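In what follows, a single structure is set out as structure tokens and then discussed.
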Amino acid sequence: MTESELKSLDEDICKIISEEVSKSLPDKKSPYHNLAIWTRSVQRVKPVHLFTTNYDLLAEQALEESSAPYFDGFIGARKAFFDLGAVEDEGLLPPRWTRLWKMHGSLNWRLINGKSVVRSDEKTEDQSYLIYPSHLKYDQSRKMPYLAMLDRLKDFLLNNSSLLFMSGYSFGDEHINDIICRSLETNPSAHVFAFLFGSLDSPQYVQARECALSTPNLSILAFDKGIIGRIEGEWSGADEPTSFSLPSGVINIDASTKACELKLGDFMVLGNLLKNLSGGAETDEL
């Protein structure tokens, strides 16, 4: 294929991706909103960091509708520009501001004339989508937004006693896996809990299993079993906590077989747990 054909193909693919994932949350009862409200529910000494590989704007919608302030690396209103210095010095920002790091780009990131990166809802002829893995090279900076976002993940995991909870990530991205595992090896005081949707034996979780079996401070929690401290085992009814209550649906136990499911890998269930932790009732009835 010629250079022009590849460029045209890239633009068509990005356009299709944009059309497919340009959705809005239906209401303010979504797990995204539960997450957003949880981020501002208490006065924090350290800020919450949200890392996502999604292109969509659902996290932004939920944070804004929940009046939860956040910083995503861009500064401005009309065509917000990417500020690498502010990203690297984000520790100077108020801890009540959530940090939102979009490691694979975003639907509203634009590359203008192949040089400047902006965040804008406008789409003009001189702009192109900035969605990974497109536009991995441009001549404005040696540190493009993707690398800056990955640096945030690495720096977060290298902090003393850092704790990262993961939902919906299947460990299918080698570059992210490498950052997670190497950072955890370097910093044994950090820990990652990865909640997986479905069975641990699913083919898409081969890499997740490999990472957990070689990294003591990476715990994998699927519906049917988990890997904790490099030890794999199935959940059982005896694992149900008795010292505190959990929202319904987090742990499901079959009364006859005692088979146990841990459903935190379901983002809706995780959202309900965050709602419970931030003081919300499980239902609208009091």
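FYI, it's all coordinate maths here, none of it is from the lab. Fair warning: this is a prediction, and the values are worked out from it, not measured in the lab. Quick reminder, even Gly has a Cβ in these numbers, built from the backbone with ideal geometry, and neighbours come from all protein chains shown.
Summary table below
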| read-out | value |
| --- | --- |
| Cα principal axis extents for the stretch 159-281, largest first, Å | 41, 33, 23 |
| Antiparallel DSSP beta bridges within the stretch 159-281, percent to nearest 5 | 55 |
| The chain: antiparallel DSSP beta bridges as a percent of all, rounded to 5 | 60 |
| Calculated [θ] (222 nm, deg cm²/dmol) that DSSP helices of n ≥ 4 give over the chain, each run adding -39,500 (n - 2.57) | -9500 deg cm²/dmol |
| At q = 0.08, 0.11 Å⁻¹, base-10 log of I(q)/I(0) for the chain (Debye sum, equal scatterers on each alpha carbon) | -0.39, -0.73 |
| Local electrostatic count, residue 230, Cβ distance below 12 Å [Lys/Arg +1, Asp/Glu -1] | -1 |
| Loop sites in the stretch 180-280: chymotrypsin sites (Phe, Trp or Tyr not before Pro), DSSP, at most 11 other Cβ within 10 Å | 244 |
| Unit charges on C-beta of K, R, D, E only; dipole of the stretch 1-142, Debye | 700 |
| Relative contact order (percent, whole number), the stretch 179-221, Cα cutoff 8 Å, 6+ residue spacing | 53 |
| Positive-end residue, the chain charge dipole about Cα centroid, Cβ charges, pick of 37, 97, 169 | 97 |
| 11 Å beta-carbon shell around residue 39, net charge (K/R +1, D/E -1) | +4 |
| Amide H contacts under 5 Å for residue 264, placed H, 5+ residues apart | none |
| Fraction of beta bridges assigned by DSSP in the stretch 1-142 that are antiparallel (%, nearest 5) | 70 |
| Helix 174-186 axis, angle to the chain major axis (alpha carbon atoms, nearest 10°) | 60 |
| Cα pair distances exceeding 20 angstrom across the stretch 58-122, given as percent | 27 |
| Mean Cα-pair separation over length for the chain, i.e. relative contact order, pairs under 8 Å, 6 or more apart, % | 14 |
| Sparse-neighbourhood loop sites, trypsin sites (Lys or Arg not before Pro) in the stretch 1-90 - DSSP loop, at most 13 other Cβ within 10 angstrom | 23, 29, 78 |
